[in-house]
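All remarks here apply to the structure that follows.
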Amino acid sequence: MRQEDEHVIIPRSIGTILASLAAALVLSALACLLPDNPYQRFQLVDGTLFEPLRRGYERIHFDPAPIDVAIIGPSKTLLGLSAPGIEHTLNQAGQTAHVANFSVPASGRNVEWLMLHEAYKIKSPRVIVVGVYDSPSFYGHPSFRFVAPARDLAIQPAPLLHNYFKDLAYLPARQVLLAFARVAPGLTGLRDHFDPATYANTRADFTTGSFVMEGKTINMALTVPAAVLAGQTVVEQKATLLERLTRRFVNRGDEAVYMDQIVREADAHHSRILFVFMPVYNRKGELADRARLMAHGTLLDNADISDHAEYFENWEHLNHTGATILSDRVAKAVAKLLSEPAKS
């Protein structure tokens, strides 16, 4: 091959590669614009640890009962706060209120904000209960890429959030699947209609009984010896300088950005916020952003519970006894907030 031919071929090859990349980007962008059925989107988490999100969507859109109190948080609030128990205590005290727990295992405020935003489309919760803890996550929730609308994945409230590019990379394939599911739901296993039987048979209260989570059977009636709990405890490592700098670079992470979104959402709908400190066994760490939280709502501090081994199913989660005690405390705090004049 002549030398001058090599100079011709190389630029043409680069041009072909660039053209292919441009075409792929255009196709991906077009795929992101494909319409979807939100109900099918929430079914993408069926059979996973995040299945409570699908039931939460059904509670909002298909259950005619109102929602006066909405609970959001991770597994600590899913296993540690009983919506039926809080509702019963409120009703016994003369406060007729309907309570829904939208908590989901794993940390990430973005999906908690999403569920609250979804609830406000149909319902009118007056009190928002937010589970808080001493070790906040700086990452988004792993389920956000499955259930969030395309717009909320592509346009987030702050730049450079940890999971942004990972979530965005999943979006084109997701939208293609959901677009196909709209025309052929039977082939994808994603229903296009509400099934009352499935809804009725999906667990709503995780503070009682036994159930399987991540392949592990959890017995909420279990009392774990203090020595066993102590052996499970993970010592929190102090953040390195690099980690602290990284957090500042990414807007203090999803925790700060989406907690602000939760506060704005509640304020926009004149709801009151009850921040509930969710204890872990034998650790009374300082609550993250205590002053900031108290500026936006009422704080219920439950650090005293951490001393009681008899209240824990494992070192991070309460058992039925602990959940009953904490739910009663929350009910009393919520009753006080419900009795106050509506926020203007």
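Every read-out reported here was derived from the displayed coordinates using simple, explicitly stated rules and does not represent laboratory data. Just so it is clear, the structure is predicted and the values come from calculations on it, not from any experiment. Quick reminder, even Gly has a Cβ in these numbers, built from the backbone with ideal geometry, and neighbours come from all protein chains shown.
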Gain upon complete extension [SER344, ALA221; 0.36 nm per residue less C-alpha separation]: 40.0 nm
Length gained, TYR170-ARG151, 0.36 nm per residue minus C-alpha separation, equals 5.5 nm
GLU214 versus LEU187, label points 7 Å from Cα toward the beta carbon: distance in nm? 3.6 nm
Ranked packing of 34-40, 212-218, most packed first, by mean Cβ within 10 Å: 34-40, 212-218
Mind ordering 307-313, 54-60, 201-207 by average Cβ neighbours within 10 Å, highest first? 54-60, 307-313, 201-207
What's the FRET efficiency of LYS332 with GLU310 using the Cβ-Cβ distance as r and R₀ = 30 Å, to the nearest 0.05? 0.90
Taking the 0 to 90 degree range and rounding to the nearest ten, how far is the long axis of helix 52-61 tilted relative to the main principal axis of the chain, both from C-alpha atoms? 80 degrees
Which of the three applies to the stretch 87-152, rounded, prolate or oblate, going by the alpha-carbon gyration tensor with a ≥ b ≥ c and a/c under 1.5 meaning rounded? oblate
With label points set 7 Å from each Cα along the Cα-to-Cβ direction at ASP301 and LEU27, the distance between them in nm comes to 5.8 nm
Go ahead and estimate [θ] at 222 nm for the chain from helices alone: -39,500 (n - 2.57) per DSSP H run with n ≥ 4, summed, over the residue count, rounded to 500. -15000 deg cm²/dmol
Decide, for the stretch 97-199, between rounded, prolate and oblate: order the square roots of the alpha carbon gyration tensor eigenvalues as a ≥ b ≥ c, take rounded if a/c falls under 1.5, and otherwise choose prolate if a/b is larger than b/c, else oblate. oblate
Under 10 Å, Cα contacts only: if you run a Gaussian network model on the chain, which one of PRO84, PRO105, PRO74 comes out with the highest mean-square fluctuation? PRO84
Expressed in Å to one decimal, the Kirkwood Rh of the chain from all distinct alpha-carbon pairs is 22.0 Å
Looking only at the chain, where both bridge partners belong to it, what percent of the DSSP beta bridges are antiparallel (to the nearest 5)? 30 percent
Could you please rank TRP315, TRP113, placing first whichever residue has the fewest other Cβ atoms within 10 Å of its Cβ? TRP315, TRP113
Going by alpha carbons, how many degrees (0 to 90, nearest 10) lie between the helix axis of 164-183 and the longest principal axis of the chain? 90 degrees
